[in-house]
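Enquirer: Quick one: the structure is below, questions incoming.
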């Protein structure tokens, strides 16, 4: 186990009707608030009205910026920054899923920064202050509601880049599982792939002696697998929706990776897909993750066999760990298919035309390579794209 | 899953040499600090010198109060409150295990309260402010370093009473597993029993649909069991010491019981033992917990069988869950014995003389009963003491 510091400073308010407390929680931080949201589904479901009512009751002046798209765009972030400055807004309330929250985080940082907010994503500058973000979560997936991450897509060149910083941690996250009853099944499934990837990217590590966090990862994965199956058959099962919502947050708040270095190659490799083809991040991950596993598993057979055995109940073949490891990868793919996810680029409508372009564009986070289980070069990334076809 | 709010606001600084950062962390909160500790082992090990050096380097004025005993006493708490007021101390730094931290928490609350600090423990008043506490942990056991709990013993009548309040959460907790290398084996074992009890008291619940937290509890228990065995044979195994230290904190910071109601009867029943016979809390729990289980398991056979199966790898007998459940309890007892813990009152040198007195004194937390798996009356508590003889 490596040395570490950890504090997840987001207050979680979880359960039925919890969105009705949003005014009280927001009022702790501000009187002038930007309500940030997506394509309008919150208006159809009535959530918008309930949130507005609670904010008004708390005597909060609300400004609005809707229109966040999946793979949230830098353009809208800049529009939000302008609006916040013009109206002297003090706090951003994100009502939505990961895209809305990520966009809110970027706006909150950008308002407090004199330069171009993209500087934070291109690595030119480090954030020092934020306006602060609160969340009403509608989609368990990205884990952005309690995480230090935000991912933004720059339309100028279609670069999709992330920024991890403690300032990105929302101040509160309101989570009512009932709000997820009406999600389209493919959004639920994409969310499941995203949260599982967040855990697996922590799980596959080169750090030794990580017993507790291994087991916490396995516990969370098993919970997601079980409850995703329940939700597929019964979208209004409160208990299962609650488990997924809680698991999605735990998957990415950092606790599961204290004292260990994860391998985030798959997320990086997927970002290129989402940036160019605008596929849903979760669907992209369902395709890329198993391909990544098949490409790298030989570098750590015991860990991939442990994954198969502990998460998927695959019987260990101690004389042939490779067999066990491969069966674990196969189980993961079967599960993704079972809940309706694609597992090939072809299913996403992507052919081999731009694989090289994506591989060359993929950010090498270690300088000239990517990842820790296997240090991937752009050529390896290309091979993984090809394996995923 | 029940609705819940959760925020563990303690910053954890974990790993080798981390105590050398104590000055920096303390300085964030205060310039005049009470250094609170126990019987002087921190002087023998050199920890005292390292802490003082770091505090001096941060230009902090240090006042000292040592002498905290196991089952920390109200008398010393009051002495600490006086000292803090007299010297206008701004913050308490607890260097030690649960007793020292609990004592520090009580002092920190008492300084900010005009009445008798025992009012908080007798239920006469609720705390509204605290001076704030930081921790350098030397004994993984009570989990007090990140918990909302403090337990104090009133020498006037030997009442041992706890107070759970969010204000009790330390502001930071510095944890270096190396500091636990020199613990006497029985202290390590007592700590293991305490942290396991914290998890089991959350695990045995009447709340339905608690999939993720069940699995997180099981993961943490399995980690403790495995690493306690390693540490027994090799007290200086850093990896195993680190796992125990991290697990002890997670066991009691509240995450493992979000959305569920635990059954804390055993802690309450043990408190009477510790108060009258001054036995180590962990040793008392190792005796009481299995007795409690034997007394109540029939009230929830599936859960006790799940515990046996998932935590102890006991094969499920689906036609006779009782057999499985009992085997789980037996495995727990065997494990306690294996790591050198007592499992009977007799081994603690306690006979049947004062069992009725303790049973009648035991605080009925539900008004006229105790616990949720089975609502225990004082007569049930007496039966449990007898089962433990």
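Enquirer: Could you pull out which residues in the range B:79-108 have an amide N less than 13 Å from a spot 7 Å beyond the Cα of residue B:128, following the Cα-Cβ vector?
Expert: Label zone hits: none.
Enquirer: Note down the Stokes-Einstein diffusion coefficient of chain B in µm²/s, whole number, using a Kirkwood radius over alpha carbon pairs, 20 °C, and 1.002 mPa s.
Expert: Reported coefficient: 101 µm²/s.
Enquirer: For the rotation that brings chain B onto chain A, whose beta-carbon in chain B is nearest the axis, and what is that distance in whole angstrom?
Expert: With distances in whole Å, chain B gives B:219, 2.
Enquirer: Within 10 Å of each Cβ in peptide A:13-22, how many partner chain Cβ atoms are there on average? Round it to a whole number, please.
Expert: If you average over the peptide's residues, the count of other-chain Cβ atoms is 3.
Enquirer: Nearest 10 degrees is fine. How inclined is helix A:98-111 to the longest principal axis of chain A, computing both from alpha carbons?
Expert: Tilt of helix A:98-111: around 60 degrees.
Enquirer: Could you order peptides A:70-77, B:348-355 by the average number of other Cβ atoms within 10 Å of their residues, highest first?
Expert: So the peptides A:70-77, B:348-355, ranked by packing, come out A:70-77, B:348-355.
Enquirer: Could you calculate, for the range B:281-331, the ratio of the Cα radius of gyration to the Kirkwood radius, expressed as Rg to Rh?
Expert: So for the range B:281-331, dividing Rg by the Kirkwood Rh gives 1.01.
Enquirer: While we're looking at this one, here's another question. So what's the range B:138-244 giving for Cα Rg divided by 2.2 N^0.38 Å, two decimals?
Expert: 1.20
Enquirer: Moving on to the next point. Could you work out how far apart the two model spin labels at residue A:166 and residue B:346 are, taking each label as a point 7 Å from the Cα in the direction of the beta carbon, and quote it in nm?
Expert: Taking the simple label geometry, residue A:166 and residue B:346 are separated by 5.4 nm.
Enquirer: Could you work out the relative contact order of chain B, using alpha carbon pairs under 8 angstrom and six or more residues apart, expressed as a whole percent?
Expert: Worked out over chain B, it gives 15 percent.
Enquirer: Relative contact order (percent) for the range B:185-387, with alpha-carbon contacts under 8 angstrom and 6 or more residues of separation?
Expert: This gives 25 percent for the range B:185-387.
Enquirer: A follow-up question, please. One decimal, nm, shortest first: give the distances between the label point of residue B:46 and those of the same position in the other copies, each label point 7 Å from Cα along Cα→Cβ.
Expert: Label-point distances to the other copies, shortest first: 6.7 nm.
Enquirer: Just to confirm my numbers, what's the Cα centroid distance between the range A:1-52 and the range A:114-179 in Å?
Expert: 14
Enquirer: Give me the angle, in degrees from 0 to 90, between the Cα long axis of helix B:211-233 and the longest principal axis of the Cα atoms of chain B, rounded to the nearest 10.
Expert: The angle comes out at about 70 degrees.
Enquirer: Same structure again: Any idea what % of Cα-Cα pairs in the range B:185-387 are farther than 25 Å?
Expert: Of all Cα-Cα pairs in the range B:185-387, 34 percent lie more than 25 Å apart.
Enquirer: Taking each residue in A:235-244, count the Cβ atoms of any other chain within 10 Å of its Cβ, then average. What number comes out?
Expert: So the per-residue partner count for this stretch is 3.
Enquirer: Arrange the peptides A:1-11, B:228-238 so that the one whose residues have, on average, the most other Cβ atoms within 10 Å appears first.
Expert: Going by the mean number of other Cβ atoms within 10 Å, highest first, we get A:1-11, B:228-238.
Enquirer: From the alpha carbon gyration tensor of the range A:192-242, can you work out the equivalent ellipsoid semi-axes (sqrt of 5 times each eigenvalue) and give them in Å, largest to smallest?
Expert: They are 26, 10, 6 Å, listed largest first.
Enquirer: May I ask you to report, in nm to one decimal and beginning with the shortest, the distances from residue B:383 to the same position in the other copies, taking label points 7 Å along Cα-to-Cβ?
Expert: 6.7
Enquirer: Just to be sure I understand: of the beta bridges DSSP finds with both ends in chain A, what percent are antiparallel, rounded to 5?
Expert: 25
Enquirer: So if I restrict to the alpha-carbon atoms in the range A:11-179, what is the Rg, and what is Dmax, the biggest pairwise distance, in Å?
Expert: Cα only, the range A:11-179: 14.5, 44 Å (Rg, Dmax).
Enquirer: Something else about it: Percent of alpha carbon pairs in the range A:89-150 separated by more than 19 Å?
Expert: 28
Enquirer: Take the Cα atoms of the range B:283-387, build their convex hull, and give its volume per residue in Å³.
Expert: 96
Enquirer: When the gyration tensor of the protein assembly as shown is built from Cα positions, what are the square roots of 5 times its three eigenvalues, in whole Å, from largest to smallest?
Expert: Values for the protein assembly as shown, descending: 44, 31, 26 Å.
Enquirer: Sticking with this structure for a sec: Going highest first, how would you order B:247-260, B:29-42 by mean Cβ packing within 10 Å?
Expert: Answer by packing, highest mean first, reads B:247-260, B:29-42.
Enquirer: So, one more: In peptide A:249-259, how many Cβ atoms from other protein chains are near each Cβ within 10 Å, on average?
Expert: Mean partner shielding for this stretch: 2.
Enquirer: Also, quick follow-up: Percentage of Cα-Cα pair distances in the range A:1-96 greater than 18 Å, rounded to whole percent?
Expert: Of all Cα-Cα pairs in the range A:1-96, 53 percent lie more than 18 Å apart.
Enquirer: Placing a label point 7 Å from Cα toward Cβ, how far apart in nm is residue A:125 from its equivalents in the other copies, listed shortest first to one decimal?
Expert: So the distances to the same position in the other copies read 5.0 nm.
Enquirer: If I stretch the segment between residue A:85 and residue A:276 completely, what's the gain in nm (0.36 nm per residue apart, minus their alpha carbon distance), one decimal?
Expert: Taking 0.36 nm per residue and subtracting the Cα distance, the gain is 65.6 nm.
Enquirer: Taking chain A as the reference, fit the longest principal axis to its C-alpha atoms, fit the long axis of helix A:281-296 to the helix C-alpha atoms, and give the angle between the two in degrees, 0 to 90, nearest 10.
Expert: Here the helix axis deviates by roughly 30 degrees.
Enquirer: Hey, another quick one. Figure the gain on full extension for residue A:386 and residue A:20 (residue separation times 0.36 nm, minus the Cα-Cα span) and round it to one decimal in nm.
Expert: Length difference between fully extended and current span is 127.0 nm.
Enquirer: Rounded to the nearest 500 deg cm²/dmol, what is the calculated helix-only ellipticity per residue at 222 nm for chain B, with -39500 (n - 2.57) per DSSP H run of length n ≥ 4?
Expert: When only DSSP H runs of four or more count, the value is -15000 deg cm²/dmol.
Every read-out reported here was derived from the displayed coordinates using simple, explicitly stated rules and does not represent laboratory data. All values derive from a computational prediction rather than experimental measurement. Cβ: placed from backbone, ideal geometry, glycine included. Neighbour counts: every protein chain shown.
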